[in-house]
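Below is one structure, written out as structure tokens; the observations come after it.
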Amino acid sequence: MSGLTKKLIAIAGASVFVGSTAVAADLTVVSWGGAYTKSQVEAYHKPWMAKTGKTIVSEDYGGGIAEIKAQVESGNVTWDVVDVELSDAIRACDEGLLEPIDHSTLPPAPDGTPATEDFLPGTLHDCAVANIVWSSVYAYDSSKVRNWNAPKTMADFFDTKAFPGKRGMRKSPKVTMEFALIADGVPTSEVYDVLGTEEGIARAFAKLDTIKEDVVWWEAGAQPPQLLADGEVVFSTAWNGRVFNAKNAEGQPFEMVWDGQIYDLDLFVIPKGSKNKEAALDFVAFSTATEQLAAQASWISYGPARASSEARIGTFHSDSSIKMADHMPTAAANFKNALQNDFEFWADNADQLNERFNAWLAK
Amino acid sequence: MVQAKDPFVSFKGVQKSYDGESLVVKNLNLDIASGEFLTMLGPSGSGKTTCLMMLAGFETATHGDIELGGRPINNIPPHKRGIGMVFQNYALFPHMTVGENLAFPLNVRRIPRAEVEEKVRSVLDMVQMMAFVDRKPAQLSGGQQQRIALARALVFKPELVLMDEPLGALDKQLREHMQYEIKHIHENLGVTVVYVTHDQSEALTMSNRIAVFDDGVIQQLADPVTLYEKPENAFVAQFIGENNQMSGTIESISKGIATVKLDSGDIVKALAVNTGAVGSRTTLSVRPERCVVVTRKSTAVSTLNAKIEELIYLGDHIRCRMNVAGDDQFIVKVPNTSGQLGLEIGAALKIGWRNDDCRALDFRELD
Amino acid sequence: MTDSQTVTSGAITAADGTPLKKKLAQALFRSRVRAVSLVVPLFAFVMASFVIPIFALMWQGVYNDRFSTYTPNLTEQLTAWDGLAEPGEALFAALVSDLKTARKDRTIGRIATRVNQEYPGTRSLFTSTARKAKKLRAPFKESVIKTNKKWANIEIWRAMKLTSQDLTPSFYATALDGRYTVDKGFVAQNENRQIYVKLFWRTLLISASVMGLCLLLGYPVAYLLATLPLRTSNLLMIMVLLPFWTSLLVRTTAWIAILQSQGVINDLMVAVGITADDSRFSLIYNMTGTIIAMTHILLPFMILPLYSVMKTIPPSYMRAARSLGATPTAAFIRVYAPQTIPGIGAGGLLVFILAIGYYITPALVGGQDGQLISNMIAYHMQKSLNWSLAAALGGILLAGVLLLYWIYDRVIGIDNMKLG
């Protein structure tokens, strides 16, 4: 293909994805919106702007690396820092869409431990620095299960006899299939090995078949708390921060079950060719310092990516009786049976399993 | 003049109101004989079209009965009345050919195909449009569309045909031609026609009788000659043909001749047609062609001083605009028989009329 | 013949002696140039912003040079290889040398992604082997297979041979639930991965249902709009246009509130006793929900063309038909309805084509039956970044729409369409 057509496609792509051009700002930081972006604005943006005197424009997006790809390939990079999931960070890095980040520029912990040792294992990558650990769990409406024994395990989610009612699940093979295998008795340490085999995939679908009739499928992260609040479902898989927020900020009677949680990282990356690369690097280093990560945790129940931050986690910003440390995916009580999302497995199999998942749905 | 004992169409005390507040048609009584060509004539908003629509069945009378052939038809829907209708914009179905348009009324009556073809052919023959049977209406000229609309209203042999200003969209020449054609078709077929128009010359040309509508009321119902020669009120006199109107007060009436003092102070005489008692106001009406320039030989009884304001040469006659009794729009038509009258602008002379030619009518505020 | 024209050898000439035809052409040329120059900016804009990108994107459906661009040596060897014999040392050597370069240039992800599209599960094989490529020594076949024995699988090499060909039918094959292979040509996709053809049919079915429902619901409304007095019809028109003025989020929330099992409609039906409390209807998160929501959004696109057509039909046509003896029903069917066909055609086509492209609404209210082909196109555009497959799916959809358009033209006639 000629360079010209390539450029044209990229421009066409960019014009689709990049609707608004940022107003003149020193830095454009892109994240997922809602309470999560608010926590970042409070803990990162405001202190950084106060420190440097520069301005930040905050933009929302829906995840994925399509926009970054379009911007980089069209040579018109308007985003400087983007908050992405781990699998997307690795993939974008492999495709040369991101600026490498030198780990030695990250600040050490207050006690002097170097950053490379202070960050939790697997949270630092060539082109990405993690800021939080978040988790997929399931939640239920406690006002509806008063008469039962409260559900405790992932298997309970799939047990429609003991716990009748509709279930909300994300319309995506990712997480859904892992949950099915965990519920079917596969130890968390073996989930991806099993899922890597034809029998394992069949086993996951077979488990999902048992509740297929009772599932309401959701697409957007805001839907599960809504579905629970509306009484449309009794159980729903959800992102832990959303459930926490619905419960503590909106007073909904929701409870989370941490058993079989699948945790993942959100990382900061810098698209290749960022026009404010120096400021972006400075922002990333500043935001992922011990204090800032700890500060963010008082706004939302996502765990900081640094070991040194954990001791400094305070209380919920609007209710000092809530100790945030107890609500983190990484809290010891919650972390007993947890699985880390295997980005490599999904990088290899996402397309194939997505087709199979949709074919299964359509059956 | 047609005047049957058993009317074919009969309006009996018909009233129509759209809004419940005002009447568009006020107590209409009208009998139409079989085979008659009756025209409803009037300005727009006079109620004539509403009457036609009530007859066709598209409007219901608020009060009163309409009878067709002795049968009340108030509760009969339009498609069961068997009345042919020609619309102002022709209403030819644009998605059908001429042939299909003509076959439509026959097809909905489930007439066998062979018979339909036969009838369509004969009606096309009548309007001389055989060559156009496969055209779409949009491919026809206005006059051609008009003929097809006429043919369509006649093809199922209705006894009554209604026409709602059917010639309004045609140019003058074609309109006059079509007037004769419609008149001939009426005469040949013997159908009853109720024709609505606001064009008085059209009405005069075609009709057996004319009902002049104004303000929801029939002002006068008469044949064309009577209507023109003997208007019964100021509205009709003014609406039909050209005329000069003057306001005055009745001084006296004797043997049907009123002596009227005009507002200008002049005293004239006129035929008392529709007046109040002595001392009441009246409108005098005299046709321009009945006014004469007074010479020694004239037979005019009433005379008035006049001054010529404008002369228009029209070949067969000369149209003089004069100032008479304070009205500078007074028209007199002088036959172009001789030039000895010495008509020239600014000339002062006398005009006059015979008593019978000037009609004293109900008082009407002049425009 | 007037003075300004003279006859010279049969051709008419203008006053100055030039042939009239030539003179006319000259006069017309100037106005034509003017007309063209007025249109040029728009034409250029449409070409640059619409036509060229669409064709460029379509081109991606059959052309993908990701692999060959970043693996020049391997591509050369793969082209020479027949795809049947066991891959030899030359292929492995080329692989190692290209992996080394790709690792250095950070292009390994692009190569790996491309092969993974053809042979799922191999992405990590490439990235992990590339990490070790620097340390590999000859004989390469042996040392590469030692790092990961998957390299001995000839199918992976066949997949690479396919991806090394820039011009490829494999995306279209995938889009039609098939697979293109080196040794057997086109074969059907594994049954448990066959989804696209099913989704194409479902998309057509849902779009057709939405179109039919819109026509059914929109026709009487358009008729009312066209015949009611202006004041009333304006109010009605505002209600028709209301969906346009509501954001997607508000609309979606409203549907959920109304349609969900604890929603207004179900509550009402339980209250009236039509259904029992424990057997409420599923009106959302399934195909019913998709059809209801899409009909709601697209209804104005049916009503407006119908309205604009009906507005031009004078009431005298119906009156004429009645006076000619047709019952109200017959008059409607034979006279009124045929005249609204241009509006039905335009509205139907508009709704159908828009419905085919909808994906946010089905995603939110569709549940497991609500997945449409456009959701898959969006997935491949935005998530999997397999633009070639998205282009192939889009190309098939486009071909389908053009086919329908052609059928429409043959049956109804495109010049019969009236959009407003």
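Computed values, structure above
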item: Exposed trypsin sites (Lys or Arg not before Pro) absent: longest stretch of chain C, with sites in DSSP loops and at most 16 other Cβ within 10 Å deemed exposed; result: C:185-420
item: Rounded tilt (10° steps) of C:248-259 against the dominant C-alpha axis of chain C; result: 80 degrees
item: Given charges at Cβ of Lys, Arg, Asp, Glu: region B:235-361 dipole, positive-most of B:TRP353, B:LEU304, B:ILE257; result: B:ILE257
item: Disulfide-incompatible cysteines by the Cβ rule (no partner under 4.7 Å) in the protein assembly as shown; result: B:CYS51, B:CYS291, B:CYS320, B:CYS358, C:CYS214
item: Among C:ALA133, B:PHE8, C:ILE313 - extreme Cα towards positive end, dipole of the protein assembly as shown, charges at beta-carbon; result: B:PHE8
item: On Cα atoms only, tilt of C:154-164 relative to the major axis of chain C in degrees; result: 50 degrees
item: Whole-number percent relative contact order across chain B, with pairs defined as alpha carbons under 8 Å at least 6 apart; result: 15 percent
item: Partners for B:LYS261 among lysines (Cα-Cα distance below 23 Å; same-chain residues under 8 apart left out); result: B:LYS230, B:LYS269, B:LYS307, B:LYS350
item: Nearby aspartates and glutamates by direct alpha-carbon distance to C:LYS104 (threshold 15 angstrom, same-chain neighbours under 8 apart not counted); result: A:ASP94, A:GLU95, A:GLU99, A:ASP126
item: Beta bridge orientation in the protein assembly as shown: antiparallel %, DSSP, nearest 5; result: 75 percent
item: Computed [θ] at 222 nm, deg cm²/dmol, chain C (DSSP H ≥ 4; -39,500 (n - 2.57); rounded to nearest 500); result: -20500 deg cm²/dmol
item: Gap separating the Cα centres of region A:107-140 and region B:345-361, nearest whole Å; result: 115 Å
item: Choice from C:ASP183, C:ASP16, C:ASP166 showing the highest fluctuation, given a GNM over chain C with Cα pairs closer than 10 Å; result: C:ASP16
item: Ranked A:PHE235, C:PHE29, criterion: other C-beta atoms within 10 Å, fewest first; result: C:PHE29, A:PHE235
item: Listed residue pairs exceeding 26 Å between alpha carbons, taken from A:LYS38/A:LYS207; A:LYS207/C:LYS198; A:LYS174/C:LYS100; A:LYS174/C:LYS141; result: A:LYS38/A:LYS207; A:LYS174/C:LYS100; A:LYS174/C:LYS141
item: Loop-located chymotrypsin sites (Phe, Trp or Tyr not before Pro) in region B:1-80, at most 15 other Cβ atoms within 10 Å (DSSP); result: B:TYR18
item: Chain B - mean residue ellipticity at 222 nm from DSSP helices (-39,500 (n - 2.57) per run, n ≥ 4, rounded to 500); result: -6500 deg cm²/dmol
item: Selection from A:VAL194, C:GLY357, A:SER104, by position along the positive dipole direction of the protein assembly as shown (Cβ); result: C:GLY357
item: Size of electric dipole in the protein assembly as shown: Cβ of Lys, Arg +1 and of Asp, Glu -1, about Cα centre, debye, nearest 20; result: 2080 debye
item: Principal-axis tilt of helix C:287-311 within chain C, Cα atoms, nearest 10 degrees; result: 40 degrees
item: Reach of C:LYS311 by Cα under 28 Å, taken over lysines that are not fewer than 8 positions away in the same chain; result: B:LYS16, B:LYS48, B:LYS80, B:LYS136, C:LYS418
item: Antiparallel content of DSSP bridges confined to chain A, in %, to 5; result: 65 percent
item: Projected label distance in nm at A:LYS54 and C:LEU205, using a 7 Å step from Cα toward the beta-carbon; result: 5.5 nm
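A short reminder: the numbers here are calculations on the coordinates, not readings from a lab. The structure displayed is predicted, hence computed values, not measured ones. For neighbour counting, all protein chains shown are included, and Cβ atoms are generated from backbone atoms with ideal geometry for every residue, glycine included.
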